[in-house]
1. Can you name the residue in the range 113-133 that is of a type outside the set (Ser, Thr, Tyr) and outside any loop (DSSP other than H, G, I, E, B) and, of all such residues, is most open to solvent (accessible area, probe 1.4 Å)?
2. Quick one: count up the residues across the range 244-262 that are surrounded by 14 or more Cβ atoms within 10 Å (Cβ to Cβ), in contact with a strand residue (DSSP E or B) (Cβ under 7 Å, 6 or more places away or on another chain), at pLDDT 95 or above and not aliphatic (A, V, I, L, M).
3. Exactly one condition in (1) under 30 Å from ALA346 (Cα atoms); (2) touching a residue at least 24 places away in the same chain (Cβ under 8 Å); (3) touching a Ser or Thr at 6+ places or on another chain (Cβ under 9 Å) is false for ALA235; which is it?
4. Given THR291, THR320, which one is open to solvent by 50 Å² or more (accessible area, probe 1.4 Å), over 22 Å from GLU256 (Cβ atoms) and within 23 Å of the chain's Cα centre (by Cα)?
5. For TYR313, state whether it is among the aromatic types (Phe, Trp, Tyr), more than 26 Å from the chain's Cα centre (by Cα) and open to solvent by 20 Å² or more (accessible area, probe 1.4 Å).
6. Return the total of residues in the range 164-181 being within 20 Å of SER100 (Cα to Cα) and either open to solvent by less than 10 Å² (accessible area, probe 1.4 Å) or at pLDDT below 95 (or both).
7. Among the candidates PHE106, PHE49, which residue alone is touching a helix residue (DSSP H, G or I) at 6+ places or on another chain (Cβ under 6 Å), at pLDDT 95 or above and among the aromatic types (Phe, Trp, Tyr)?
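The values are calculated or read from the model by the stated rules, or taken from the named source; none is laboratory data. Please read these numbers as outputs of a predicted model, since none were measured by experiment. Here Cβ is always computed from backbone atoms with ideal geometry, including for glycine, and neighbour counts include all displayed protein chains. We work out accessible area using only protein heavy atoms, side chains counted, and drop any ligands, DNA or RNA first. Shrake-Rupley method; radii C 1.70, N 1.55, O 1.52, S 1.80 Å.
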Amino acid sequence: MKNLILVVLCSVVFTAFGQKKAKNVPKDQDIWVALTAENWDAPGSNAEFTTHDGRPALKVLPKQGQVILKNTTFSNGTVEFDYIPTDQRFASFYFRYKDSKENELFYFRTHRAGDSTGIEAVQYAPAIDGVNLWDLLPQYQGKANFQNKTWNHVKLIASGYQLRVFVNDMQRPTMEVPRMEGNVMEGTLAFEGEGIVSNLVIKPGQTEGLPAYEGTDPVAHDPRYLRKWQITEPAALSKNVDFSMDSAPKAETMWETIWAERRGMVNLTRKFGMSKERRVVWMKVNITSKTDQKKKIAMGFSDDVWVFLNGRYLYVDKNTFGAPIMKEPAGRCSIENASFVIPFKAGKNELTVALANDFYGWALIARLEDMDGLTVE
């Protein structure tokens, strides 16, 4: 609660461009950001400062890396800009940008320009330890009516934990995020992906009544989700080895407790961070059944799972993005990914999951069909 109050009170601190000392900017005072070279950090020479359609513009070039606004700390308020996202794949706007590893991100999938029905036209995703969690948050992608050859107007409102984004239509939000998932609450702004930016303005503290507290978790009161697990430390999988029982826990293996976050998701990226090699963890939960009975379980996973009941194989599957085997929705981690039946025996049952990952976010979601006759330890 103290952190949230601090976030609300300390909406934006903005350092005057070209100066070395920080300057506090009064709330409700609009800041028009100069699109000139001295105000931006473009270490990859991936920006030009020019004019477009008779207006000053920042042209982000099709090179890797962010173009970062200097001497600015944004937390809560509104950011607006005009934008032509010309990139062939992604055009990205970062906010609360601490660095390339920790930030919040809203981006366009530019191949959807001109298509107002594409479900993945825009996406919100945080970066945690350099991992973009887009594949763990399919609920935060959506449609948007935008063009890639003419100007679009973008307005983003950040307030505490909540986010609201408008694209062209300033009356109806394109995206609403009840709980931003990044680890940072303040940072600068940045752009990435080929595009043209103009009329960039920051409005400190102007949140248009958007609450700072996090919104409702739609599954918060659903008792069917398995939320408390025991988990091992990650272990690297040998190259060219898909899975091996050699990685299975031993008698001396140390376990610790991990809890699910919103929507019942156990977010392993938040706990273990980035890795450049394929890793596996083991997770377990004890479930006591009053009788011998079968229950269906729905499971979301990123990327691969091996499920065991009382030490015996029960289910194996993969959610490999871009491969024919990937699960709905389009290789993202979701409770929609898969379902199978668990044949519980009367008494105590140990459900164990090995979960491997080498592609973006790492997570597990598990939900039983009901809890009749079951007790989770």
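1. Filtering first and then ranking leaves ASN132.
2. 3
3. Of the numbered conditions (1) under 30 Å from ALA346 (Cα atoms); (2) touching a residue at least 24 places away in the same chain (Cβ under 8 Å); (3) touching a Ser or Thr at 6+ places or on another chain (Cβ under 9 Å), the odd one out for ALA235 is (1).
4. None of the other options fit; the residue is THR320.
5. So TYR313 fits the description; yes.
6. Here is the first cut: in the range 164-181, the ones within 20 Å of SER100 (Cα to Cα) are 180-181.
Narrowing further to those that are either open to solvent by less than 10 Å² (accessible area, probe 1.4 Å) or at pLDDT below 95 (or both): 180.
Final tally of qualifying residues: 1.
7. PHE49
Each row is one residue, and each column tells you yes or no for (1) within 21 Å of the chain's Cα centre (by Cα); (2) free of Cβ contacts under 8 Å to residues at least 24 places away in the same chain; (3) in the same structural domain as ILE196 (by the TED database).
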position: PRO56; (1), (2), (3): no, no, yes
position: LYS63; (1), (2), (3): no, yes, yes
position: GLN66; (1), (2), (3): yes, no, yes
position: ASN103; (1), (2), (3): yes, no, yes
